[in-house]
Amino acid sequence: MSLLEIADLKVAFPGPTGPVNAVNGVSLRIESGQTLAILGESGSGKSVTAQAVTGILDVPPATVSGSVQLRGRELLTLSRKQRERVSGEEIGMVFQDAMAALNPVFTVGHQIVEVLRVRRGMSRADARRRAVELVDRVRIPAAKDRMRDYPHQFSGGMRQRIMIALAIALEPDLLIADEPTTALDVTVQAQVMELLAEIQRDSGMGLLLITHDLGVVAEVADDVAVMYAGRIVERGTVEQIFAGPAHPYTEGLLNSMPRVDRRDEQLYAIPGAPPNPARLPAGCPFHLRCPRATDECRVVLPPLLALPADRASACHHHEEVLDATRR
Amino acid sequence: MPPGDEVVLRVENLVKHFPVKGRVPFTSGGVVKAVDGVSFDLRRGETLGVVGESGCGKSTLARMLVGLEQPTSGAVRFGTSVVHQARGRELRALRRRIQIVLQDPYTSLNPRRTIREILLQPFEIHPDVLDRRRRIERIKELLDLVGLDPGLHLDRYPHQFSGGQRQRIGIARALALSPDVIVCDEPVSALDVSVQAQVVNLLERLQEELGVAYVFIAHDLSVVRHISDRVAVMYLGKLVETGPEVSLYESPRHPYTRALLSAVPVPDPAGRQGRQRILLAGDPPSPVDPPSGCRFRTRCWQAADTCATTEPPLAAGAHPVACHFPLAA
């Protein structure tokens, strides 16, 4: 049994001209101790996927279908109350903007203590002790003294650590981190990623990392799912994806990224812009930007096909791509 | 066009201090030393990358270069003019020559004006540049130059364009008056990865065709490496190291530069085990009360007593470094 198994997840929002399909049938699984990165650009549906898993999506107006199982237990059919308990205790969440995720009018100590008291029924004194341990665990200097501080009194990186402390307070099995370091400076980003990796090593939880940053993915992920226009277009291990992508979108992303460790003369630029989820083109959603597109691509939507070595690609021409990218 | 030796913009000891209010009303809380003595030369047709973390003063520097912010002291020289002393006709002439492209293509274009109006505006402010009857023709040329279809777009509003297209419009506006210098303040950071490369390639092509010089300010060290001829590293309002792109990235001499470079994630999972990473402790200190001596010493692993007492100067030369104990090249 996998820690998390998502099958054919679909999420739609009402739009002025009919439903907007943000997620169009996503299937993936995460095991304990594993880091799965969902890589995608804005509008790809990566954050909505995470929100559907955690249950913080408002239904309605959104409609969700498919299956999300945590340790074999279906989450989508749970009552609201049960769902809140599961996502509160078994799934931890870290977001991009800690200032929006923390309550600005309570001290950080109060917020962590509150969680422990409500969910674990701890006494005030026990909860306080545990909260100091947690804040210390995320390497905030002088943890005890900083419990009385409000979120705005911390720097961006420190606030991100507080949010991590809050997310791991109930020792969740799964941590979902949605662009956890995107707003941070590169030196602070490195600290926070290191911290997340260390906590994961110690606790054995599964980590679902949502990001647009290929560099971060390469540094921390075990497996990668690349999303485009609400679908997974490629899935594989991080080594497979970076050494030889099997989808032209992944290929384009890798070639369009400048690197700090060498100088490339010219960057490959994927033409056009990511499509509007309300107006997806017929056939393969990437065909308008794809150098390998043929007539088939303009008409037939390619399914996510299993390839050898336990990877998958949703491209009619995946063999051609693999031949071209394999180094 | 390869960069020449002619200096187009000379920045001399530029300083900007912002007063802050104290906790008690009507008292002073001191000053934020946003930019605290920055000097460099920009040569014709070259790209100088400026990198640094948030709060290091790089955007304040950008605003001073184009005259949007009055420096506390120091000077920005363009030819025989000094940007912040020029008035009237001289100032207008200067503004034509130095333009800016901003980070956010959503807020840097007026949402109530059509693309036609946005691109005609530079010519209305500087009517002597181009005869009225030739202006529409010129903005079509500009749109073509930045890779937009001139026929399609003129009467649409900014919100009808994608982020990448908007940034192209911002670039077309900056190019309208044929400037010698464009200051780019985080021009690609708000764009999706797949669109970033388009805009970076566009900026490079425009430089080749038009010979314009860029001051390219960004926090993304990979993008800066790709586009820059020379790079300046900024920390708490000061330049700590400047040098040609290759030597700065291949053999950084300031500990901060080395730590910064080592923190950048590399999209190559094969090498991640063996990678040496210098993890700096903590955050940059507050620019209200920067550390004495070397400003980086509070986060530096090789700081000694001298570093607390004496501020290391940024010497002249091809690859100067402001450090008492520079790393071996």
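The values are calculated or read from the model by the stated rules, or taken from the named source; none is laboratory data. Because the structure is predicted, anything quoted here is derived from the model rather than measured. Here the Cβ is made from the backbone with ideal geometry for all residues, glycine too, and neighbour counts use every protein chain on show. Just so you know, the surface numbers come from the protein's heavy atoms only, side chains and all, with ligands and any DNA or RNA stripped out. Shrake-Rupley method; radii C 1.70, N 1.55, O 1.52, S 1.80 Å.
Summary table below
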{"read-out": "Principal axis dimensions, largest first and in whole angstrom, of the protein assembly as shown by Cα", "value": "75, 66, 50"}
{"read-out": "Mean-position separation - Cα centroids, region A:258-327 and region A:209-254, in angstrom", "value": "12 Å"}
{"read-out": "Kirkwood Rh, Cα atoms: Rg over Rh of chain A", "value": "0.99"}
{"read-out": "Kirkwood estimate for region B:7-309, i.e. one over the average of 1/r between Cα atoms, Å", "value": "20.8 Å"}
{"read-out": "Rounded to 10°, Cα long-axis angle of helix B:163-175 versus longest principal axis of chain B", "value": "80 degrees"}
{"read-out": "Pairwise centroid distance, computed over Cα atoms, of region B:1-56 with region B:72-90, Å", "value": "15 Å"}
{"read-out": "For B:274-283, mean number of other protein chain Cβ atoms within 10 Å", "value": "4"}
{"read-out": "Average projection area in nm² (convex hull over Cα atoms of region B:1-141, one quarter of hull surface)", "value": "12.1 nm²"}
{"read-out": "Per DSSP, loop trypsin sites (Lys or Arg not before Pro) in region A:204-291 with at most 13 further Cβ within 10 Å", "value": "A:R262, A:R279"}
{"read-out": "Hydrodynamic radius (Kirkwood) for region A:126-166, which is based on Cα pairs only, to one decimal in Å", "value": "10.0 Å"}
{"read-out": "Heavy-atom surface of chain B, accessible at 1.4 Å and reported per residue (Å²)", "value": "44 Å²"}
{"read-out": "Nearest-ten-degree value, helix B:193-210 long axis tilted from longest Cα axis of chain B", "value": "70 degrees"}
{"read-out": "Proportion of all alpha-carbon pairs of region A:21-93 beyond 16 Å (%)", "value": "51 percent"}
{"read-out": "Peptide A:216-223, shielding by other chains (average Cβ, 10 Å cutoff)", "value": "3"}
{"read-out": "Solvent-accessible area per residue, Å², over chain A with all protein chains present [probe radius 1.4 Å]", "value": "43 Å²"}
{"read-out": "Flagged links, alpha-carbon separation over 32 Å, of A:K10/B:K140; A:K46/A:K81; A:K10/B:K58; A:K46/B:K16; A:K46/B:K140", "value": "A:K10/B:K140; A:K10/B:K58; A:K46/B:K16; A:K46/B:K140"}
{"read-out": "DSSP loop chymotrypsin sites (Phe, Trp or Tyr not before Pro) with at most 14 other Cβ within 10 Å: longest gap in chain B", "value": "B:107-300"}
{"read-out": "Exercise: per-residue mean of other protein chain Cβ atoms within 10 Å, B:185-197", "value": "5"}
{"read-out": "Trypsin sites (Lys or Arg not before Pro) restricted to DSSP loop in region B:111-146 with at most 15 other C-beta within 10 Å", "value": "B:R112, B:R113"}
{"read-out": "Sites matching trypsin sites (Lys or Arg not before Pro) across region B:10-57 that sit in DSSP coil, with at most 12 neighbouring C-beta atoms within 10 Å", "value": "B:R23"}
{"read-out": "Projected area averaged over orientations for region A:174-251, convex hull of C-alpha atoms, nm²", "value": "5.5 nm²"}
{"read-out": "Gaussian network model of chain A, springs between alpha carbon atoms under 10 Å - residue of A:V233, A:V299, A:V23 with greatest fluctuation", "value": "A:V299"}
{"read-out": "For region A:166-187, residues shielded by at least 40 square angstrom of accessible area compared with the chain on its own, probe 1.4 Å", "value": "A:D185, A:V186, A:T187"}
{"read-out": "Selected from A:I162, A:I140, A:I38 as most flexible by GNM, with chain A as the system and alpha-carbon contacts under 10 Å", "value": "A:I140"}
{"read-out": "Largest-first ellipsoid semi-axes for region A:211-327, taking √(5λ) over the Cα gyration tensor eigenvalues, angstrom", "value": "22, 17, 14"}
